[in-house]
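The block underneath contains the structure these notes are about, expressed in structure tokens.
The values are calculated or read from the model by the stated rules, or taken from the named source; none is laboratory data. Remember, predicted model here, so these are calculated numbers, not experimental data. When we count neighbours, we look across all protein chains shown, and the Cβ atoms used for this are built from the backbone with ideal geometry, even at glycine.
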Amino acid sequence: MIIELIIALSLGIIIGIITGLFPGIHINLVAAFLLASSVFLLNIFQPISLAVFIVSLSITHIFTDFIPTIFLGAPDSDTTLSILPGHEMLIKGEGYEAVILSIIGALIGVIILLPFIPIFIYILPIIYPYVQRIIPIILITIIFMMILSEKGKNKFLTILIIFLSGCLGYFSLNLNIKEALLPLLTGLFGSSSLITSILKKQEIPIQNITKIKAIIKNLKKDSIIKSISASVIASPICSFLPSLGSSQASIIGSIVIGELDRKEFIILNGIVNTLVMSLSFIILYSIKKSRTGSSVAINTLLPSLTKNDLEIIILAVIVSAIFAFLISIMIVKNFSKLITKINYTKLSILILSLLTIVTLIFSGIIGLIILITSTALGVLCILSRIKRTSLMGCLLIPTIILYLL
């Protein structure tokens, strides 16, 4: 049994590296494929072994996915916001540092998971029904705070961007297409950045490869504390309520704590990604709710998740995070050296073409229309110099409507 679990963990880490580095492949796609093959796989592996595979794949994917997000502008649904400050650092020759800060945050997210475990197991079932009722108020407040954070004439444009992205998000999520978030978020945050880079004929400068100790030392003394505080406030709420996830947690955390600088926001985004994912497994045990594609797959494989199963899953989270952290460091060091030798305009065109093909395969013609529309809206936001977090109206407004109806 132990050998089988080690094999499942190792395979999950390997596949997670591949899915994380390959733009457009989401964890949910792999989970769906595994479930489709589960009738065959369950004849070979125990259900808990397949669950460990999903857990290790999911955690590893989060770490390695920061590399294409920051260097190639091809975000996953969970790392969309890290592309914003990350791309700015890339253009300044600090792409390596941006990835390191992201994965440091992701590792911190796994560490601060531990004190949340008893809270989510014993207290969450009691407070869950009450917190669920006030979510629309919280989200509406967040939107108002996003608007107020803009200066002067930008307030009107921010309202317009939030409204348009909200309408686009609502219609996209209610259309009968697979993987609706793929074209929606790829367009708003990924391909829009790629197109502006192509138009500007942007070149990637030589990337500074600094020792991790120096990167941490150069941070402001309270930067990590601010990022952790923001994640501790937002991640628990966004992890157990429907339609909320890592991106919303990053927005909520940054608004509640106050203005975060570029590096603090990157660390925050890294923390909430692993914390929200990890908490989803505990939530599955405590209130029997699935809040991520990975937890949905585990719930299918293990309908009655036991305490022993949960302990194995938590251990898999910790071990996967450690290996993923170390592997990501090695990959990003080589990636940082390679990226400057490539024609970035041609690479951007190649990635843009790849994302278009992936969208067509998984979301069809309607998905392509959503991709084009969301890309146009993303470009409008960039040219208007509006904070691109306003584009998260694509998820905030549909969530508000979901709760109010």
Pairs, first under 15 Å from Asp65 (Cβ atoms) and in contact (Cβ under 8 Å) with a residue 60 or more places away in the chain in segment 1-24, second among the acidic types (Asp, Glu) and part of a loop (DSSP other than H, G, I, E, B), C-beta under 9 Å, six or more apart: Pro23/Asp76; Gly24/Asp76
For Ile159: the one exception among (1) surrounded by 16 or more Cβ atoms within 10 Å (Cβ to Cβ); (2) more than 23 Å from the chain's Cα centre (by Cα); (3) at pLDDT below 85: (3)
Condition met for Ile372 (surrounded by fewer than 16 Cβ atoms within 10 Å (Cβ to Cβ) and free of Cβ contacts under 8 Å to residues at least 12 places away in the same chain): no
Pair list, Cβ under 7 Å, 6 or more apart: segment 340-365 residue within 20 Å of Thr196 (Cβ to Cβ), other residue crowded, with 19+ Cβ neighbours inside 10 Å and among the basic types (Lys, Arg): none
Residue within segment 357-369 that is in contact with a Pro (Cβ under 9 Å, 6 or more places away or on another chain), more than 27 Å from Ile143 (Cα to Cα) and not hydrophobic (A, V, I, L, M, F, W, C) present: yes
Selection from segment 230-280 of residues that are modelled with pLDDT of 75 or more, within 11 Å of the chain's Cα centre (by Cα) and hydrophobic (A, V, I, L, M, F, W, C): Ile271, Val272, Leu275, Val276, Met277
Members of segment 374-394 that are at pLDDT below 85, among the hydrophobic types (A, V, I, L, M, F, W, C) and closer than 18 Å to Leu181 by Cβ: Met392
Pairs where the first residue, in segment 294-321, is basic (Lys, Arg) and the second is crowded, with 19+ Cβ neighbours inside 10 Å, C-beta under 9 Å, 6+ apart: Lys307/Tyr285
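With respect to Leu380, determine if the residue is closer than 24 Å to Leu175 by Cβ, buried (at least 22 other Cβ atoms within 10 Å of the Cβ) and in contact (Cβ under 8 Å) with a residue 12 or more places away in the chain.
no
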From Leu279, Leu182, residue being buried (at least 24 other Cβ atoms within 10 Å of the Cβ), over 24 Å from Leu352 (Cβ atoms) and in contact (Cβ under 8 Å) with a residue 40 or more places away in the chain: Leu279
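On the basis of being farther than 28 Å from Ile351 by Cα and at pLDDT below 90, does Phe53 make the cut? So that I can check it myself, show each step before the final result.
On the way: farther than 28 Å from Ile351 by Cα: yes; at pLDDT below 90: no.
Taking the combined requirement at face value, the residue does not satisfy it.
So if I check each of Pro75, Pro23, which one is under 28 Å from Ser197 (Cβ atoms), surrounded by fewer than 24 Cβ atoms within 10 Å (Cβ to Cβ), at pLDDT below 80 and of a type outside the set (Lys, Arg)?
Numbers: Pro75 fails: surrounded by fewer than 24 Cβ atoms within 10 Å (Cβ to Cβ).
It is Pro23.
Taking the conditions exactly as written (touching a Ser or Thr at 6+ places or on another chain (Cβ under 7 Å), among the hydrophobic types (A, V, I, L, M, F, W, C) and under 19 Å from Val232 (Cβ atoms)), does Leu184 satisfy them or not? Give the steps one after another, and end with the answer.
Numbers: touching a Ser or Thr at 6+ places or on another chain (Cβ under 7 Å): yes; among the hydrophobic types (A, V, I, L, M, F, W, C): yes; under 19 Å from Val232 (Cβ atoms): no.
It is false that Leu184 is touching a Ser or Thr at 6+ places or on another chain (Cβ under 7 Å), among the hydrophobic types (A, V, I, L, M, F, W, C) and under 19 Å from Val232 (Cβ atoms).
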Residue tally, condition surrounded by 15 or more Cβ atoms within 10 Å (Cβ to Cβ) and in a helix (DSSP H, G or I), over segment 190-216: 10
